[in-house]
1. Starting from the Cα gyration tensor of the stretch 32-79, take the square roots of the eigenvalues, sort them a ≥ b ≥ c, and report rounded, prolate or oblate (rounded when a/c is under 1.5, otherwise prolate if a/b is larger than b/c, else oblate).
2. Taking every pair of Cα atoms in the stretch 16-146, average 1/r, invert it to obtain the Kirkwood radius, and report Rg/Rh to two decimals.
3. Which residue fluctuates most in the GNM of the chain (Cα springs below 10 Å): 77, 114, 134?
4. Which net charge results for the neighbourhood of residue 13, defined as the other residues with beta-carbon distances under 11 angstrom from its beta-carbon, given Lys and Arg at +1 and Asp and Glu at -1?
5. Whole-Hz ³J(HN,Hα) for each residue in the stretch 119-128, computed from phi via Karplus 6.51 cos²θ - 1.76 cosθ + 1.60 with θ = phi - 60°, x for glycine and proline: what do you get?
6. Anyone know which of 35, 101, 78 comes out most mobile in the 10 Å Cα GNM of the chain?
7. Below 16 Å, Cα to Cα, which lysines can residue 122 reach? Residues fewer than 8 away in the same chain don't count.
8. Below 8 Å, C-alpha to C-alpha, sequence gap of six or more: please give me the relative contact order for the stretch 16-146 in percent.
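What follows is calculated from the coordinates using simple rules that are stated; it is not laboratory data. Note that the structure is predicted; figures quoted are calculated from it, not measured. Cβ atoms come from the backbone with ideal geometry, glycine included; neighbour counts cover every protein chain shown.
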Amino acid sequence: MGFATCETDRVTDLFDVVCLNRYYGWYSQTGDLEEAERALETDLLGWQARYGKPMFVTEYGAEAVAGLHAVGDVPWSEEYQARFLEMCHRVFDRVDGVVGEHVWNFADFQTTSSITRVDGNKKGVFTRDRRPKSAVHVLRARWTAMQGKRV
């Protein structure tokens with residue numbers, strides 16, 4: 001796992017599985033989920049074409065402040081976090097090489113404060129005190145639909 005692109009990578013040929021952390025729509029294309037969807041798919045297809053190995057998306061997620069609601073693609077809102085996950089799932093389902101995914105993160109957690117981290121990391125689908133955010137329902141629907149399917 002690293003920060004290289006599929007074009008600049010020099011080590012993935014040594015591994016059996018390609019593990020990638022991807023945050024299109026959060027750290028890049030922020031607020032533009034249509035563009036993020038195109039960028040994520042292009043990126044994953046590039047890795048698939050170059051290596052032809054199974055890919056596991058080891059991190060993907062967007063932050064949401066519990067109780068912050070908005071119409072449209074407004075970063076930090078619960079709706080944006082939910083739509084972000086739906087966007088990622090559409091791409092993962094279209095790219096044959098993606099064999100697994102791990103949403104980041106189960107619950108919000110404390111970090112050092114910074115301009116991008118006010119009172120911790122908010123990428124959890126649950127708050128620090130384990131209250132569900134809207135994104136929980138996206139994951140429940142996805143995982144329920146997978147029941148009985150070969151994974």
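1. oblate
2. Value, to two decimals: 0.97.
3. 114
4. Around residue 13, the charge tally is +1.
5. Result, rounded to whole Hz: 6, x, 8, 10, 7, x, 8, 10, 6, 4.
6. Answer for the Gaussian network model of the chain: 35.
7. Partners found: 133.
8. 23 percent
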